[in-house]
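To start, the structure itself, in structure tokens.
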Amino acid sequence: MRGYRYIDGVVTLRVDRQRCVGCGACVQVCPHRLFSLDEGVLALRDADLCMECGACARNCPVEAITVSPGVGCAVAILAAWINRLTGRKVLSDCC
């Protein structure tokens, strides 16, 4: 997902590895594949790719992940992605 960042270093995504039970729900629901499990231990690949949609936090059964949905501009990120993939301006650049 190179090139699909909003603003580096401002993501609100936080992971409490002490609370994580290694269920993998975050791995399955993250549209940018930020998470991975290595022998049951959660790893965060590149937090700056997070579009702060909140899917990981909503699906974490032990509330080990927090994110403030709406802080990042998911619409702008998705618009850039769709526009780049289709080669035409389908969506506006921002919400």
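Please treat every number below as a calculation from the coordinates, not as lab data. On a predicted model such as this, the values are computed, not experimentally measured, just so you know. Using ideal geometry, Cβ is built from the backbone for each residue, glycine included, and neighbour counts are taken over all protein chains shown.
Structure above, values below:
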| quantity | calculated |
| --- | --- |
| Debye, to nearest 20: dipole size of the range 14-86, +1 on Lys, Arg Cβ, -1 on Asp, Glu Cβ | 140 debye |
| Extended-chain gain in nm, criterion 0.36 nm per residue less alpha-carbon gap, T12 and D46 | 11.0 nm |
| Normalised per residue, the volume of the convex hull around the Cα set of the range 14-86 (Å³) | 85 Å³ |
